Amino acid sequence: MPEDTNIEKKPRIGVFICHCGSNIGGFVDVKAVTEYASTLPDVVYATDNLYTCAEDGLNNIKESIKEHNLDRVVVSSCTPRTHAPLFQRTCEAAGVNKYMFTFVNIREHCSWVHMKEKEKATQKAKDLVRMGVARARFLEPQEETKIDVTPAALVVGGGVAGMTAALSLANMGFPVHLVEKEKELGGFVKNLHGLMMTKKSANEAIQPLIDKVNAQKNITQYVNSHVATVEGFIGNYDVSIGTEGSESKEVKVGAIIVATGAIPLVPEGLFGYKEHPNVVTSMEFEELCNKKEIPKLKSVAFIQCAGARGQKVSYCSRICCNVAIKTAINIAENRDNMLGATEEKAEAEAGQVVEEPAAEMKAEDEGLERRRRRRGRGRREADEAADEGGAPSSGVEITVFNRDVMAYGVEHELEFNKAREKRVKFIRYLPDNLPKVSTKDGKLEVGYFHETLKMERTMPVDMVILSTPLVSQPDAATLSQLLKVPLGQDGFFQEAHVKLRPVDFATDGVYVCGTCRGPADIAEAASQASAAASRAAIPLANGYVQAEALTSRVDETKCTGCGTCVEVCPYGALRKNDDGISEVIVAACKGCGCCGATCPEGAITMTHYTDQQLLAEAKAALEEV
Amino acid sequence: MSSATPNAGGEHKLEQEDFEPRILVFCCNWCSYAGADLAGVSRLQMPPHFRVIRVMCSARVDPEFVLRAFQKGADGVLVAGCHPADCHYIGGNYRTRRRIALLRILLQQFGFDPGRLKLEWISAGEGERFQKTIVEFTDVVNELGPSPVRGGD
């Protein structure tokens, strides 16, 4: 246990206790707590403020530091998660190292949760302040180290996200190593047939991006390649890139962007997949379109959420509704003669009918048409026309079986309405009553429960398109281990914070974008890529990073070189030196403290969270008063 | 029955009148501490017997800290970390899970009821879970009575 003799110089602690208006003051007797604080060992000054975080509260801290020659500060108020940086800056401004500051939370953890027991809340606040002061007595000033950064980046994955990120960094002037495991750039998108809301083929749409990457001299491309090993930490990564049929290449980079993409789920055993050749996934349908191998279709059914949302995976894959809407519109419009291109009759038929609505549209004011479409009136009129015996516009019956249509945002909603205008039927199913795909006399049919009519129906179809979700790359786990970054429950890379840090990893120096962090459409992947590139550019442009002084520290006299800490460190921040003794790579250490808790010799402790500090806090909490 | 909370735990059966349990809670900075903060922001009322110590990761909780706490008279120790697969430090919580499982066995050998040591996963968004955990654990410790170190059994 910590003894007072361990404190070399007598500490001079100042304690500032906040009323937070009535947030604390209304439920805790702040005056009594302040009086108590002034009696604690090494406290030379204790005061209360109405709002410690307000200008006069902060000035009070600064003035008191000077006046009472304080060398450490305890603020007892709200939560360190929001206010620690503010008070630390205040301490530094008055010449007290920011690591000589301790936060005591008497609002979230006390006054707000014990609002009906003022006496006990006050006692608890006193205990918490005593714990904070006990910790403060053992604080030590820390120096934050500056680490040089190699101004180059590695981008893993040459799809839309990877290319966008690489281009963005290269245009800023940083050398970029772009690693693609396939034989050419383009990723998932290059295998698609058409894209939503553009008349171009997928290949045409991404070719300009590929051309730009090819023309950018700062980008070194490695195709048929993979990341073999990664050593190091932010600013200083040594990466070995393995390329099929040639020697691996070593590069040095300061930042890494992960953009490895995703793959569509293969719906083994679902909805008659593989049992009938005309049951295909939406990805396979794109390929058939590319090869112009679509049979002549009279009736086609989409089944949404095939394998998603509680079947094989738990999540909504975000893009499949819009993909189905896009494909349905393309089929309805017979775009690029995607259906039975060789059959002239079909072509002529389709050509005629597609012209008609376009001609109608011209007659009307465009704004009116948009408004009408949003209200769905256009669809109703079209429905009525069809009910009067009019055929669906393309001559193809298109049905989308869905749980609910996730056509989010302005554009997607318009496309959804457009599909409905094209006589695409959207039929809802419930998760406990999935549509069933079967064959009757060799012909495909879909059985479903009609939720409005409350009856079982059967629909003969020529083709079933299964909208399967995007799933993580099978080799994501390998890369996650190499880079020491986490995967979430679904196998996608997990960002540092879902809302506030969406393209960072918790590990500094590694960033993520595109579908490897979860399903996203092209525009979303591109925005994430730009974001990741700009995040990665911060250390690269600064040329250095400042490491927080929360790291582990090895007492070389106690270490026996057993190596347990090296094994447990999730960041590879410990290694054995030439004497076989553990040493800390300060820049790589994130300060979790796992090694400290593991060390059987008690040779490792954490700066700013030392055994001594934590034990003092625990002991103070349990003292009889 | 003065130590029972009037508004959170409902009826308590106390072994001893005026028993004020001392409960130490180790919260990891990223999930559980934030969960505790959220409980506060949401004004979720709970018994006032727990004292939170912030650590960066639940894996920082050296078994020694827990044993020392019991030695110094803690009636219960709660270690709270991020949910599995959610650890800010990749997998610290898995190590915590193993350590606590072993520690409970060890505690029993030292004559402590293993129920006095609890591990719980509480995310930054789970203020209610934090409250529920504190209420339930306080109940358990109340039921067990004072720790052997403080003269209980």
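The values are calculated or read from the model by the stated rules, or taken from the named source; none is laboratory data. Note that this is a predicted model, so its numbers are computed, not measured. Cβ placement follows ideal geometry from the backbone for every residue including glycine, while neighbour counts extend to all protein chains displayed. In case anyone asks, the SASA skips ligands and DNA or RNA and just uses the protein heavy atoms, side chains included. Shrake-Rupley method; radii C 1.70, N 1.55, O 1.52, S 1.80 Å.
Some points to look at:
- Breaking point among (1) open to solvent by 10 Å² or more (accessible area, probe 1.4 Å); (2) within 26 Å of A:Ala205 (Cα to Cα), for A:Cys516: (1)
This table checks each residue for (1) more than 20 Å from A:Leu614 (Cβ to Cβ); (2) surrounded by fewer than 16 Cβ atoms within 10 Å (Cβ to Cβ); (3) outside the structural domain of A:Leu178 (by TED's automatic domain parsing); (4) in contact (Cβ under 8 Å) with a residue 40 or more places away in the chain.
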residue: A:Ala531; (1), (2), (3), (4): yes, no, no, no
residue: A:Leu540; (1), (2), (3), (4): yes, no, no, yes
residue: A:Cys559; (1), (2), (3), (4): yes, no, yes, yes
residue: A:Cys565; (1), (2), (3), (4): no, no, yes, no
residue: A:Val568; (1), (2), (3), (4): no, no, yes, no
residue: A:Gly572; (1), (2), (3), (4): yes, yes, yes, yes
residue: A:Gly580; (1), (2), (3), (4): yes, yes, yes, no
residue: A:Val586; (1), (2), (3), (4): yes, no, yes, yes
residue: A:Lys590; (1), (2), (3), (4): no, no, yes, yes
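- Given (1) within 11 Å of chain B (Cβ to nearest Cβ); (2) over 21 Å from A:Gly187 (Cα atoms); (3) crowded, with 16+ Cβ neighbours inside 10 Å, index of the condition A:Gln481 fails: (3)
- The residue pairs whose first member lies in the stretch B:45-70 and is among the acidic types (Asp, Glu), whose second member is open to solvent by 20 Å² or more (accessible area, probe 1.4 Å) and in a helix (DSSP H, G or I), and whose beta carbons are closer than 8 Å, counting only pairs six or more residues apart or on different chains, are B:Asp62/A:Asp611; B:Glu64/A:Asp611.
- The strands (runs of 3 or more DSSP E) found wholly in the stretch A:142-224 and carrying at least 1 residues that are in contact with an Asp or Glu (Cβ under 8 Å, 6 or more places away or on another chain), of a type outside the set (Phe, Trp, Tyr) and open to solvent by 30 Å² or more (accessible area, probe 1.4 Å) occupy A:219-222.
- Yes/no for A:Leu270 being open to solvent by less than 10 Å² (accessible area, probe 1.4 Å) and either of a type in the set (Ser, Thr, Tyr) or in contact with a Gly (Cβ under 9 Å, 6 or more places away or on another chain) (or both): no
- Any hit, the stretch A:493-506, residues being over 29 Å from A:Thr605 (Cβ atoms), touching a strand residue (DSSP E or B) at 6+ places or on another chain (Cβ under 6 Å), of a type outside the set (Gly, Ala, Ser) and open to solvent by 70 Å² or more (accessible area, probe 1.4 Å): no
- From A:Phe138, A:Phe103, residue being within 11 Å of chain B (Cβ to nearest Cβ), closer than 17 Å to A:Glu617 by Cα and among the aromatic types (Phe, Trp, Tyr): A:Phe103
- Considered as a group, the residues in the stretch A:108-132 that are facing chain B (nearest Cβ under 7 Å) and assigned to a helix (DSSP H, G or I) include one that is farthest from A:Tyr36 (Cα to Cα), and that residue is A:Glu108.
- Among the residues of the stretch A:246-268, those identified as without any contact (Cβ under 8 Å) to a residue 24 or more places away in the chain and either under 30 Å from A:Tyr544 (Cα atoms) or within 31 Å of the chain's Cα centre (by Cα) (or both) are A:Ser248, A:Glu250, A:Glu268.
- Qualifying residue in the stretch A:246-265 (condition: assigned to a loop (DSSP other than H, G, I, E, B), among the small types (Gly, Ala, Ser) and surrounded by fewer than 22 Cβ atoms within 10 Å (Cβ to Cβ)): no
- When restricted to residues that are in contact with a Ser or Thr (Cβ under 7 Å, 6 or more places away or on another chain) and open to solvent by 50 Å² or more (accessible area, probe 1.4 Å), the stretch B:103-153 contains 0.
- Each residue in the stretch A:446-465 was checked for being more than 15 Å from A:Leu434 (Cα to Cα) and touching a residue at least 60 places away in the same chain (Cβ under 8 Å), and 4 of them qualify.
- Any chance A:Arg318 is in a loop (DSSP other than H, G, I, E, B), open to solvent by 60 Å² or more (accessible area, probe 1.4 Å) and outside the structural domain of A:Phe505 (by TED's automatic domain parsing): yes
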